[in-house]
1. Using the Karplus curve 6.51 cos²θ - 1.76 cosθ + 1.60 with θ = phi - 60°, what ³J(HN,Hα) values do you get for each residue of the stretch 178-184, in whole Hz, with x for Gly and Pro?
2. What is the sum of charges, Lys and Arg at +1 and Asp and Glu at -1, for the other residues whose Cβ falls under 13 Å from the Cβ of His143?
3. Hey, with R₀ at 35 Å, roughly what FRET efficiency would Glu212 and Phe109 work out to, going by the Cβ-Cβ distance, to 0.05?
4. Tell me which GluC sites (Glu not before Pro) from the stretch 121-217 have a DSSP coil assignment and no more than 12 other beta carbons within 10 Å of their own.
5. Starting from the amide H of Leu16, placed 1.01 Å from N in the peptide plane, find each other amide H under 5 Å away whose residue is 5 or more places distant or on another chain.
6. Send over a whole-number figure in Å² for the accessible area per residue of the stretch 65-217, probe 1.4 Å.
7. Fully extended, how many nm does the chain gain between Leu167 and Leu93 (0.36 nm per residue separation, minus their Cα-Cα distance)?
8. Taking the Cα atoms of the chain, what is the range of coordinates along each of the three principal axes, in descending order and whole Å?
Amino acid sequence: MKSNLQRTYVRLQFDLPAADADAAAAILVANRALGCEVSKIRPPRPAPVRTPRQVRLKAYFDRLNDADLKRVRRALESAAMIGATARLQRETLADPGWAIMWMTRFEPFTVGRFLIVPPWNHEQRADRIRLVIQPGQGFGTGHHGSTYGVLRLLDDLCRKRPFTRALDVGTGSGILAIAMRLLGVGEVTAIDIDPVALENARENADLNHLREHVRFS
């Protein structure tokens, strides 16, 4: 029998300088945040002169009791990400169906010679290398600037000369390891400390028919 209980999460949000957002998000994830998002804040008009651009950081947790909140605040203050008077807003959210909502937004896109597609899309292009990625908790669908940039760099490097071996450290979804194998790298090893990420990476290798051609550890 299916449960009618809707899953809930806790969202913690606060404002901070844009330059500190990535480091603060890393601290939150280290303190059991499931994920973070950053949104812009419209500056007041007229904007103060030379005021650092502010953003709103939102972190999502399975739960965040008072003791957890105090621990998170101490960690952020110790790293000088927030001041003692910073306001941390905590609220409980009902899951609107996030597990499948993102599927409507994952459209095929190109990076270098690659066509990145989700497994439910069957698009093929004669001039592109099809790379299938099942989004999961392992980082890397190709949308983020860091993954996008590395994919382009790998494509450029492999155009210039062949590579016999490659190591992908912190493989996440496995997208870079899989891309290197598709580009003709002979022996690819991918490692990660997160077993959930490795499970996602192996699934993606299967989707690209490369399970036996990339070593995950």
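1. 5, 4, 4, 5, 5, 7, x
2. On the way: positive: Arg105; negative: Glu107.
Taking every Cβ under 13 Å from that of His143, the sum is 0.
3. Working: r = 28 Å, r/R0 = 0.79.
My answer for the efficiency is 0.80.
4. Numbers: sites: Glu123, Glu187, Glu199, Glu203, Glu212; in loops: Glu123, Glu212.
Loop-located and lightly packed - Glu123, Glu212.
5. Val55, Leu57
6. On the way: 8940 Å² over 153 residues.
On a per-residue basis, 58 Å².
7. Numbers: separation 74, 0.36 × 74 = 26.64 nm, distance 3.99 nm.
Fully extending the segment from Leu167 to Leu93 adds 22.6 nm.
8. Between the extreme Cα coordinates on each principal axis of the chain lie 57, 55, 31 Å.
The values are calculated or read from the model by the stated rules, or taken from the named source; none is laboratory data. The structure displayed is predicted, hence computed values, not measured ones. Don't worry about glycine lacking a Cβ; one is built from the backbone with ideal geometry, like all the others, and counts go over all protein chains shown. Each accessible area value is taken on the protein alone, full model and side chains, heavy atoms only, with ligands, DNA and RNA left out. Shrake-Rupley method; radii C 1.70, N 1.55, O 1.52, S 1.80 Å.
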